[in-house]
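The values are calculated or read from the model by the stated rules, or taken from the named source; none is laboratory data. Remember, it's a predicted structure, so these values are computed and weren't measured experimentally. Here the Cβ is made from the backbone with ideal geometry for all residues, glycine too, and neighbour counts use every protein chain on show.
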Amino acid sequence: MNNLKSLTTREVARLCRVSDATVKRWEESGFIKSERTSGGHRRFRVEEIARFQREQGLGQKQAHGGDSIFSLNNRNLESHLQPEISLFEILLSGREEAAAELLIGEYLNGSHPAKIFDEFVCPAMRKIGEMWFAGDLNIAQEHLATRTIQNAVFKLRNRLCVPEPNGKSAICCALENEHHELPTHLAQITLENEGWEVLNFGANTPLYSLKEEMLKHLPELICISATLMSDIERLSRDYIVWREIAVKNKISVIFGGKIFRDDCMKKRFPAELYADSFTQVAKFTHSIIY
């Protein structure tokens, strides 16, 4: 069989947005036909899967930048590049569906959402940010990549299994003048996957407003992100008062973002955890739950 005109079980699963096991059940039930390699592996003809997709409405392109079953055969990007570089290229071209399929495919293969964020999303977005800062990407390209990954992450979130609620709640946000909203969504999904109920106030959230919401909802945990900070003196003074309220109400605080890698910033903004990864956040939640 010509490999350029055949698909593996995993490729069919990603195109149809189902698990590998589902594809095997379809084949065993006679819904789709396969051929076997000399090693006994299933191979599916492109035209056979295209027919099945048309009949069932599975995995069809829903947005600009989506992949069709035919474009997959004309592009072998993912197999020639490292995962984070592969996602980087996908984001720069605005291929929302391809980005979503990559993330969902990793999840269906057993990866924890936090691991997907740490190993795929963060490295790709870090590279995009560095290239923009260096002038190698313009602002429109950065915006396209950011919008593409946000939409892909939302699609992943919709595919995650709903865990058993643990009865605890959390708040996610970014500090005032911090306009990067993606980290708050990644933190939200990480917590939700651990059974938390999460309120996400997004980017540019002033401490005084966050204090009002903290007292209103009294969560067990607050996750705050920042990459840059203006008027550090004022913010650190405001934070002292804010922190006293959090401690009094036994609310744990997690800070994330490169600005909190500085020891001086850690002294100004004390917290229970300065997270370097979303895997760290997921693990920390267990100490609160148990």
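Annotations for the structure displayed:
- Test: L199 is assigned to a helix (DSSP H, G or I) and either outside the structural domain of R126 (by TED's automatic domain parsing) or at positive phi (or both): no
- The stretch 268-290 residues that are in contact (Cβ under 8 Å) with a residue 12 or more places away in the chain, paired with ones that are charged (D, E, K, R) and in a loop (DSSP other than H, G, I, E, B) (beta carbon under 8 Å, 6 or more apart): A282/E194; F284/E272; T285/E194; H286/E194; I288/K168; I288/E220; I289/K168; I289/E194
- In summary, helices (runs of 4 or more DSSP H) completely within the stretch 19-94 and bearing 3 or more residues that are modelled with pLDDT of 85 or more occur at 20-28, 83-92.
Quick grid of which residues meet (1) without any contact (Cβ under 8 Å) to a residue 40 or more places away in the chain; (2) among the acidic types (D, E); (3) surrounded by fewer than 19 Cβ atoms within 10 Å (Cβ to Cβ):
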site: G202; (1), (2), (3): yes, no, yes
site: T205; (1), (2), (3): yes, no, no
site: E213; (1), (2), (3): no, yes, yes
site: C223; (1), (2), (3): no, no, no
site: L228; (1), (2), (3): no, no, yes
site: L235; (1), (2), (3): no, no, no
site: Y239; (1), (2), (3): yes, no, no
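- Scan of the stretch 12-42 for residues that are over 23 Å from A100 (Cα atoms) and of a type in the set (D, E), ordered by number: E27, E28, E35
- Residues of the stretch 124-163 satisfying the condition of being assigned to a helix (DSSP H, G or I) and among the acidic types (D, E): E130, E142
- Applying the set (1) of a type outside the set (S, T, Y); (2) part of a helix (DSSP H, G or I); (3) touching a helix residue (DSSP H, G or I) at 6+ places or on another chain (Cβ under 9 Å) to E212 leaves exactly one unmet item: (3).
- The stretch 215-238 - residue that is of a type in the set (A, V, I, L, M) and part of a strand (DSSP E or B) and, of those, nearest to I251 (Cα to Cα): L221
Table: residues versus (1) at pLDDT below 95; (2) more than 22 Å from S111 (Cβ to Cβ); (3) among the β-branched types (V, I, T); (4) in a strand (DSSP E or B).
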| residue | (1), (2), (3), (4) |
| --- | --- |
| A187 | no, no, no, no |
| A246 | no, yes, no, no |
| K250 | no, yes, no, no |
| F260 | yes, yes, no, no |
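- Figure legend. Inter-residue proximity from the stretch 250-267: first residues without any contact (Cβ under 8 Å) to a residue 24 or more places away in the chain, second residues surrounded by fewer than 18 Cβ atoms within 10 Å (Cβ to Cβ) and not hydrophobic (A, V, I, L, M, F, W, C), beta-carbon distance below 8 Å, spacing 6+ or different chains. Indicated pairs: R261/D276.
- Among (1) within 20 Å of E178 (Cα to Cα); (2) buried (at least 16 other Cβ atoms within 10 Å of the Cβ); (3) of a type in the set (S, T, Y) - the single one T285 does not satisfy: (1)
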